[in-house]
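Novice: Before anything else, here's the structure in question.
The values are calculated or read from the model by the stated rules, or taken from the named source; none is laboratory data. What you see is a predicted model, and the numbers here were worked out from it, not measured in a lab. Cβ atoms come from the backbone with ideal geometry, glycine included; neighbour counts cover every protein chain shown.
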Amino acid sequence: MFTAKKMMGALAALALIVSGCAAEGGQTGDGELATSNMHLVEISGDSCVTLLAGQTIDVGTVCTAINGDNVDVTYSTTGGWGIYEAHLWAGTSLADMPQNKKGNPKIGNFPYNDSDLGGVTSHTISVPLSTFGLDATMTSCDPVTAFIASHAVVKKDNGDGTFQGETAWGAGTRMVQKGSWATYFSMILVCTDDEEPEEPSVGTCETAFARTADGSNCFLDMDYNGDGEGDFNRWGWTLGPLTAGSYSFDIYGGAGQCDTTKGTLVGKLNVDYDGSTVTATFATLSGFAMNEVHLYAGSDPLPKDKDGDYTVAPGQYTVVTEFDSDKTSYSADVATAGGAVYVTAHAVVCGAY
């Protein structure tokens, strides 16, 4: 989805080492907490997006990184552009962002407002981890979808005593389809232990699918030929139809017959759709890792085989990926024809079922 200058690696291991309680929950003699329990918070997937001015001009990047108890959001410009103002909102629900009745952002009410920056080429805003429900006392957490709305005023010296001034946003999903072209982007924050994860035991790998919130759209219930019986004998779910926006879904492994009581919650799927491109990010929970990922996105409820018939076979999806080593995070983009889309997300997930 993003026209981002991506940082290297599928997982941006930007680690926060957090001091935990002493072995007996007490303090050391000098009053500081002992560090017998260590904890990591990481940003899963890409950690940079393009800073777009005037909707189409690439003037730099907006990058996120874990730094102590904060998520640092850094605006950087290139090509002679300078930053004169920076305004930022961050949270876990877009409904909490200051906005008017039409959904346009109220930049002046953003919690972070830095003006008179004088044309710097780099500026960092630190957002406490507590903004996203994370803190230094935690020893584990489910993946957290965090939303960032990053606005800036940028200018470029034309060389003749005049300046070109533009408003800029960190590239992502438009907040409203009409009116302001303001955009937001999202990231997934995950918690991992400081120790190297144990390799999953042989025989503990399961097929896994992202699930709709209400459990609808199960493959087993789909009847496209109209004979009153389900067309498929494989369990799983298709997600949608989805309009432009950001979504988060649970990933269940081993949930035969689409029955989650038989399965295990093994991860989260974050979907960002800007109206033309679907960006899907898989993130497993602690104790699980993926060795295969299959992703479909399109205007049809399911992909089609070579005969033009609907299929749920993962090998027929748009993205088919096998990993040389197990991964806890993976992100992929799929271009679509626009309009409402459907997404099917499958993975082979190994771990502590």
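Novice: Quick one: in the stretch 299-322, which of the residues that are β-branched (Val, Ile, Thr) and out of contact with any His (no Cβ under 8 Å at 6 or more places or on another chain) is surrounded by the most Cβ atoms within 10 Å (Cβ to Cβ)?
Specialist: Among them, the one singled out is Val312.
Novice: Among what's in the stretch 94-122 and is among the polar types (S, T, N, Q) and under 20 Å from Tyr247 (Cα atoms), pick the residue that is surrounded by the most Cβ atoms within 10 Å (Cβ to Cβ).
Specialist: Ranking the qualifying residues of the stretch 94-122, first place goes to Gln99.
Novice: For a quick check of your reading of the model, give me the residue pairs whose first member lies in the stretch 222-234 and is under 12 Å from Pro301 (Cβ atoms), whose second is modelled with pLDDT of 80 or more and exposed (fewer than 14 other Cβ atoms within 10 Å of the Cβ), with beta-carbon atoms closer than 7 Å and at least 6 apart or on different chains.
Specialist: Once the first residue is under 12 Å from Pro301 (Cβ atoms) and sits in the stretch 222-234, its partners that are modelled with pLDDT of 80 or more and exposed (fewer than 14 other Cβ atoms within 10 Å of the Cβ) give Asp231/Asp223; Asp231/Tyr224.
Novice: Where residues in the stretch 156-181 are buried (at least 20 other Cβ atoms within 10 Å of the Cβ) and closer than 23 Å to Asp114 by Cα, which of them is nearest to the chain's Cα centre (by Cα)? Give the steps one after another, and end with the answer.
Specialist: Restricting attention to the stretch 156-181, the residues satisfying the condition of being buried (at least 20 other Cβ atoms within 10 Å of the Cβ) are 168-173, 175.
Those still in the list that are closer than 23 Å to Asp114 by Cα too: 168-172, 175.
Details: Ala168: 21, Trp169: 18, Gly170: 14, Ala171: 14, Gly172: 11, Met175: 16 Å.
Checked the stretch 156-181; the qualifying residue nearest to the chain's Cα centre (by Cα) is Gly172.
Novice: Follow-up question, since we're still on this one. Working only within the stretch 41-57, note down all residues that are part of a strand (DSSP E or B) and more than 18 Å from the chain's Cα centre (by Cα).
Specialist: Leu52, Ala53, Ile57
Novice: Now for a separate question. For the stretch 224-242, which residues satisfy the criterion of being farther than 27 Å from Leu285 by Cβ and surrounded by 12 or more Cβ atoms within 10 Å (Cβ to Cβ)?
Specialist: Tyr224, Gly230, Asp231, Phe232, Pro241
Yes/no per residue for (1) under 24 Å from Phe147 (Cα atoms); (2) part of a strand (DSSP E or B):
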residue	(1), (2)
Gly267	yes, yes
Ala280	yes, yes
Asn291	no, yes
Asp307	no, no
Thr321	no, yes
Asp326	no, yes
Gly338	yes, no
Thr344	yes, yes
Val348	no, yes
